[in-house]
Structure formats: C-alpha cells, structure tokens
Amino acid sequence: LITETSVGALYIAALFPSLLVVALFVGLIAWHGVRNPLPKPPPIPLREKLIALKDLTPTVLLIVLVLGSIYGGYATPTEAAALG
C-alpha cells in the first residue's frame, strides 16, 4: 500500500522464488527417497486415481478463478478475495 505496487505484479514477482523453493523441496525429498527407499506399495488402479482427483477440483477451480480474475483485470484483489 505504501509503495503503491500492484498486487498482481507482486504475485508475478513471487512466481520464480516460489518455483525455486518447490524445486528444492522436490529435490530434497527425491534425494531422501533414494537414500532411504520404502517397500514398494501395491499398485493403485488408474480408475481409483481418477476418482480421487475429483476431490481436488474445487481447490483448483478456486485458485484459477481468483488469480485469473486478478490477472485478467476483471476484478481487484479485494473483489477476488471476496469471490474466494
């Protein structure tokens, strides 16, 4: 507010550091998994995996609607937060 920086611009500026942290976490988890392997779990059928994805749909839709409305210029961050 003091610097009058756009919230959308701040979100875009945070994208690279966020992806970098995610990549480091994935690398650390993969390294730990290679060093300490677990027994192989039983296979899960594709149908069961797809059914489990339906629980993720509302969350993904909310993220797309809120950020999409900000980046698309259809809503201010406050309006997008109210939508969320």
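The values are calculated or read from the model by the stated rules, or taken from the named source; none is laboratory data. Just so it is clear, the structure is predicted and the values come from calculations on it, not from any experiment. When we count neighbours, we look across all protein chains shown, and the Cβ atoms used for this are built from the backbone with ideal geometry, even at glycine. Just the protein is used for accessible areas: all its heavy atoms, side chains included, with ligands, DNA and RNA removed. Shrake-Rupley method; radii C 1.70, N 1.55, O 1.52, S 1.80 Å.
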**Report entry** Residue-wise HN-Hα coupling along segment 42-52, computed from phi with Karplus coefficients 6.51, -1.76, 1.60 (Hz; x: Gly, Pro)
**Finding:** x, x, 9, x, 4, 4, 5, 5, 5, 5, 5
Query raised in the report: Counting only protein heavy atoms and using a 1.4 Å probe, what share of the accessible area of segment 1-50 belongs to carbon plus sulfur, as a whole percent?
Result: 75
Report task. Divide, for the chain, the radius of gyration over alpha carbons by 2.2 N^0.38 Å, where N is the residue count. Result -> 1.59
Report task. Please work out the ratio of the alpha-carbon Rg of segment 41-83 to 2.2 N^0.38 Å and round it to two decimals. Result -> 1.72
Report task. State to the nearest 20 debye the size of the charge dipole of the chain about its Cα centre, where the only charges are +1 on K and R beta carbons and -1 on D and E beta carbons. Result -> 540
Query - Per residue accessible area of segment 1-50, 1.4 Å probe, in Å² - result: 100
**Report entry** In order through segment 30-41: 3J(HN,Hα) via Karplus (6.51 cos²θ - 1.76 cosθ + 1.60), integer Hz, x for Gly, Pro
**Finding:** 5, 4, 5, x, 5, 6, 10, x, 9, x, 5, x
Query raised in the report: Among ARG35, ARG47, what's the order by accessible area (1.4 angstrom probe), most exposed first?
Result: ARG47, ARG35
